[in-house]
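Beneath this line is the structure, given in C-alpha cells, with notes to follow.
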Amino acid sequence: MSCPMNCPKNLRNGPCGGVRSDGCCEVRPEMKCVWHEAVAGSLRIPGGVEALRAIQLPVDRRLVGKSSWLRVARLRGGEPA
Ligand code: SF4
C-alpha cells in the first residue's frame with residue numbers, strides 16, 4: 001500500500017514528471033516515489049489498476065491539521081463540518 005499524503009507534493013493523481021529513473025522521488029531521493037509504489041502495488045490487487053485510473057480531487061488545504069475522522073462523524077451526524 002502507498003499513501004499519496006507521503007508524496008512531498010501531495011499529488012493525488014501522480015506521479016509528477018520528476019520521478020527518477022530508479023523509481024525514487026525527485027524531492028526526496030532517499031525514498032521511492034509513492035506513485036511508483038502505488039502502480040507496483042496495484043498490479044498485485046485485483047481491480048487495482050482500474051482503481052488507480054479514477055481521478056481524485058486535489059487536497060483541500062483548508063483542512064490541514066484537522067481530524068478527517070471527526071469530520072466524517074460530524075457530517076454523518078448531521079452537524080456542519
Ligand atoms: S517523484 Fe513521486 S513522490 Fe516525489 S514528488 Fe513526484 S509524485 Fe511525489
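Please give the net charge around Cys25, taking every other residue with its beta carbon less than 15 angstrom from that of Cys25, where Lys and Arg add +1 and Asp and Glu add -1.
Values: positive: Lys9, Arg20, Arg28, Lys32; negative: Asp22, Glu26, Glu30, Glu37.
Local charge sum for Cys25: 0.
Can you compute the label reach from Asn10? Point 7 Å from Cα along the Cβ direction, backbone N cut-off under 11 Å, restricted to region 53-73.
Residues 58-66 qualify, since their backbone N sits under 11 Å from the label point.
Would you mind working out the magnitude of the charge dipole of the chain relative to its Cα centre, with +1 at each Lys and Arg C-beta and -1 at each Asp and Glu C-beta, to the nearest 20 Debye?
Rounded to the nearest 20 debye, it is 340 debye.
Can you compute the helix-only [θ] at 222 nm over the chain? Use -39500 (n - 2.57) per DSSP H run of at least 4 residues, normalise by all residues, nearest 500 deg cm²/dmol.
That calculation yields -7500 deg cm²/dmol at 222 nm.
Would you give the gap between the C-alpha center of region 1-35 and the C-alpha center of region 39-81, rounded to a whole Å?
Value for the Cα centre distance between the two parts: 18 Å.
Filter the GluC sites (Glu not before Pro) in the chain down to the DSSP loop ones having no more than 14 other Cβ atoms within 10 Å, then list what survives.
Glu26, Glu30
Determine the gain in length on full extension of the stretch Ser21-Ala54; use 0.36 nm per residue of separation and subtract their C-alpha separation, reporting nm with one decimal.
Values: separation 33, 0.36 × 33 = 11.88 nm, distance 2.52 nm.
Difference between extended and current length: 9.4 nm.
Longest span of the chain, sites excluded, free of trypsin sites (Lys or Arg not before Pro) in DSSP loop with at most 16 other C-beta atoms within 10 Å? Write out the running numbers ahead of the final one.
On the way: sites that count: Lys9, Arg12, Arg20, Arg44, Arg53, Lys66.
With trypsin sites (Lys or Arg not before Pro) excluded where exposed in loops, the chain gives 21-43 as its longest stretch.
Can you bin every Cα-Cα distance in region 4-76 into 5 Å intervals starting at zero and give me the percent of pairs per bin, rounded to whole numbers?
Reading the bins upward from 0: 3, 14, 20, 19, 17, 15, 8, 2, 1.
State the extension gain, in nm to one decimal, for the chain segment bounded by Arg28 and Ser2, taking 0.36 nm per residue of separation less the distance between their alpha-carbons. Let's see the in-between values first.
On the way: separation 26, 0.36 × 26 = 9.36 nm, distance 1.56 nm.
Length difference between fully extended and current span is 7.8 nm.
Every number here is computed from the coordinates shown, using simple stated rules; none is lab data. Fair warning: this is a prediction, and the values are worked out from it, not measured in the lab. Note: ideal-geometry Cβ built from the backbone for every residue, glycine included; neighbour counts use all protein chains shown.
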